[in-house]
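Asker: Please see the structure below; I have some questions.
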Amino acid sequence: MIAVLDYGIGNLRSAEKALQRVGADARLIDDPTAAAGADGIVLPGVGAFGRCAEALRATGLDDVATDAVARGIPFLGICIGFQLLYEGSEENPSAEGLGVLPGVVRRLPTGVKHPQMQWNTLDIAGSDLLAGVPDPAWVYFVHSYAPEQTVDTTSTCDYGGPVVATAERGPVWGTQFHPEKSGAVGLGILANFVAAVDRAA
Amino acid sequence: MRTVRVIPCLDVDDGRVVKGIRFTDLFDAGDPVELAARYDAQGADELVFLDITASSDHRGTMVEVVARTAEQVFIPFTVGGGVRTVDDARRLLRAGADKVGVNSAAVDRPALVTELADEFGSQCVVVAIDARRRPGTADLAWEVYTHGGRTATDLDALAWAERCSDLGAGELLVTSMDRDGTRDGFDLELTRRIAIRCPVPLVASGGVGELDHLVEGAVEGAADAVLAASIFHLGEFTIAEAKAHLAAAGVAVRPA
């Protein structure tokens, strides 16, 4: 079972529905005890970093996330759920991220419209999550902030300069774009995650 | 890289997709669930679903139709019509919408835009602006209308658009009432002036009758996305043809 952490914000149903479409037993989970025994964790999210961090902690699902990472369970963060894996964000400097990945989330380059709300292509530097995607791989972004480039970065897009699109550290994967909203390419990426969950289970 | 989105629009009345001319004379254009699945498969970049006769009496039906449509859609899905509160928006998001559109309620109470942005993030908040040229003014000017084009507000469309982006709108969906359904092309002056003035993405709407109009909207109109209804609903052009036409004209698009 893949637990899609439901902390009450945004279009969580989209992530659950897309995972189900690629054959996963995905369930929206809002109770930390119900996440016990999950073979994989998905942390979606849209909205502001600070508010999402607050909501995640208020539901106790932050512990589910950090515990799953500590135990090496396959983990996928999407959009704000990806950003929450880092230490913090320029969007809300007083809010703390989960600190699972080193680095902070920064505002998109100047000189381009904010948010980036469009389809864009990926520049991929080796990635298990993106295995088998077409070249070019078109995916859908909606965001005004993105994690800074670190050793964990596995792909970028060009939006006023290189912008981090995915990162991986062991079984912890994240996408700044929305695979659940990126048509067939996105469903293929989610299928890669589901396959990794099945292998680890 | 800036890429332009191609967005088919489903105007939904009582569970059916309809299309009119200048917001009246509606005719039936099909089932929203079937059309949504078709456009997703054809390579549309996004779908917009507008409940054009939103009223409290059929709100339950509307949420159910949104949910059934969302089941077929793995691309961004914007739903608008009758959203008056944060809870209205939450119900639509829970039903599978990715963004919510507000129009009349934002004019009535502009703080709603900020409340929605605070709750769901700006990227979730689309302000739809229906604008009509003011006759007899020396310089060009447009007035905002609400309630499906039935109510004049005296608001200047450019000033209102700017205010909306200040209030936290993540996108503006700008419809020319003068051009809607006429097939004469977008009101390019309207979209260009707002696009230049506002820092958030703009979706141009109203008037597309041929593929060159999409190019004009993206180039002269400076729109970030081009929306059309009848040319797609009636099967005159596919999404792929629209994108090929844009690409041939030098507009960067995601290939269908």
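The values are calculated or read from the model by the stated rules, or taken from the named source; none is laboratory data. The structure displayed is predicted, hence computed values, not measured ones. With ideal geometry, Cβ positions are generated from the backbone for all residues, glycine too; neighbour counts draw on all protein chains shown.
Asker: Among (1) over 16 Å from the mean Cα position of the chain (by Cα); (2) within 14 Å of chain A (Cβ to nearest Cβ); (3) part of a helix (DSSP H, G or I), there is one condition B:VAL73 misses while meeting the rest; what is its number?
Answerer: Condition (3) is where B:VAL73 drops out.
Asker: Somewhere in the range A:20-37, is a residue under 22 Å from A:GLU91 (Cβ atoms), away from chain B (no Cβ under 14 Å) and not hydroxyl-bearing (Ser, Thr, Tyr)?
Answerer: Among the residues of the range A:20-37, not one is under 22 Å from A:GLU91 (Cβ atoms), away from chain B (no Cβ under 14 Å) and not hydroxyl-bearing (Ser, Thr, Tyr), which makes the answer no.
Asker: Follow-up question, since we're still on this one. Against the conditions (1) aliphatic (A, V, I, L, M); (2) surrounded by 24 or more Cβ atoms within 10 Å (Cβ to Cβ); (3) part of a helix (DSSP H, G or I), where does B:LEU246 fall short? Just the number, please.
Answerer: Looking at each condition in turn, B:LEU246 falls short on (2).
Asker: Could you look through the range A:102-120, keep only residues that are polar (S, T, N, Q) and either surrounded by 19 or more Cβ atoms within 10 Å (Cβ to Cβ) or within 17 Å of the chain's Cα centre (by Cα) (or both), and pick out the one that is modelled with the lowest pLDDT?
Answerer: Ranking the candidates gives A:GLN116 first.
Asker: I need a count of the residues in the range A:121-149 that are modelled with pLDDT of 95 or more, of a type outside the set (Phe, Trp, Tyr) and crowded, with 16+ Cβ neighbours inside 10 Å.
Answerer: 10
Asker: Also, quick follow-up: Right, B:LEU188: within 14 Å of chain A (Cβ to nearest Cβ) and either within 18 Å of B:VAL219 (Cα to Cα) or of a type in the set (Lys, Arg) (or both) or not?
Answerer: no
Asker: Just checking, which of A:LEU56, A:LEU43, A:LEU12 is under 13 Å from the mean Cα position of the chain (by Cα), buried (at least 24 other Cβ atoms within 10 Å of the Cβ), touching a residue at least 24 places away in the same chain (Cβ under 8 Å) and more than 14 Å from every other protein chain (Cβ to nearest Cβ)?
Answerer: Only one candidate qualifies: A:LEU43.
Asker: Would it be correct to say that B:HIS233 is away from chain A (no Cβ under 14 Å), over 15 Å from the mean Cα position of the chain (by Cα), within 18 Å of B:THR78 (Cβ to Cβ) and surrounded by fewer than 24 Cβ atoms within 10 Å (Cβ to Cβ)?
Answerer: yes
Asker: Taking the range A:99-135 as the region of interest, how many residues are within 24 Å of B:PRO201 (Cα to Cα) and of a type outside the set (Ser, Thr, Tyr)?
Answerer: 17
Asker: Would you pick out the residues in the range B:90-136 that are modelled with pLDDT of 95 or more, acidic (Asp, Glu) and within 24 Å of A:GLY8 (Cβ to Cβ)?
Answerer: Matches in the range B:90-136: B:GLU115 only.
Asker: Going through B:THR137, B:THR146 one at a time, which residue ends up being more than 14 Å from chain A (Cβ to nearest Cβ) and surrounded by fewer than 16 Cβ atoms within 10 Å (Cβ to Cβ)?
Answerer: Step by step, each of B:THR137, B:THR146 is checked, and only B:THR137 is more than 14 Å from chain A (Cβ to nearest Cβ) and surrounded by fewer than 16 Cβ atoms within 10 Å (Cβ to Cβ).
Asker: A further question on this structure: I need the full set of residues from the range B:214-230 which are in a helix (DSSP H, G or I), under 16 Å from the mean Cα position of the chain (by Cα) and more than 14 Å from chain A (Cβ to nearest Cβ), in order please.
Answerer: Selection gives B:LEU214, B:GLY217, B:SER230.
Asker: Follow-up. Does any residue of the range B:106-114 turn out to be more than 19 Å from B:GLY81 (Cα to Cα) and away from every other protein chain (no Cβ under 14 Å)?
Answerer: No: zero hits.
Asker: Only one of B:SER165, B:SER176 is crowded, with 21+ Cβ neighbours inside 10 Å and in contact (Cβ under 8 Å) with a residue 40 or more places away in the chain; which?
Answerer: Going through B:SER165, B:SER176 in turn, just one is crowded, with 21+ Cβ neighbours inside 10 Å and in contact (Cβ under 8 Å) with a residue 40 or more places away in the chain: B:SER176.
Asker: Is one or more of the residues making up the range A:98-114 in a strand (DSSP E or B) and either in contact with a Ser or Thr (Cβ under 6 Å, 6 or more places away or on another chain) or without any contact (Cβ under 8 Å) to a residue 12 or more places away in the chain (or both)?
Answerer: Yes, the range A:98-114 contains at least one residue that is in a strand (DSSP E or B) and either in contact with a Ser or Thr (Cβ under 6 Å, 6 or more places away or on another chain) or without any contact (Cβ under 8 Å) to a residue 12 or more places away in the chain (or both).
One line per residue, one yes/no per condition, for (1) free of Cβ contacts under 8 Å to residues at least 60 places away in the same chain; (2) over 11 Å from A:ILE78 (Cα atoms); (3) assigned to a strand (DSSP E or B):
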residue: A:VAL151; (1), (2), (3): yes, yes, no
residue: A:SER155; (1), (2), (3): yes, yes, yes
residue: A:GLY160; (1), (2), (3): yes, yes, no
residue: A:VAL163; (1), (2), (3): yes, yes, yes
residue: A:GLU168; (1), (2), (3): yes, yes, yes
residue: A:GLY174; (1), (2), (3): no, no, yes
residue: A:GLU180; (1), (2), (3): no, no, no
residue: A:VAL185; (1), (2), (3): yes, yes, no
residue: A:LEU190; (1), (2), (3): no, no, no
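Asker: Tell me, yes or no, whether the range B:76-89 has at least one residue that is among the aliphatic types (A, V, I, L, M), closer than 19 Å to A:PRO179 by Cα and either in a loop (DSSP other than H, G, I, E, B) or within 14 Å of another protein chain (Cβ to nearest Cβ) (or both).
Answerer: no
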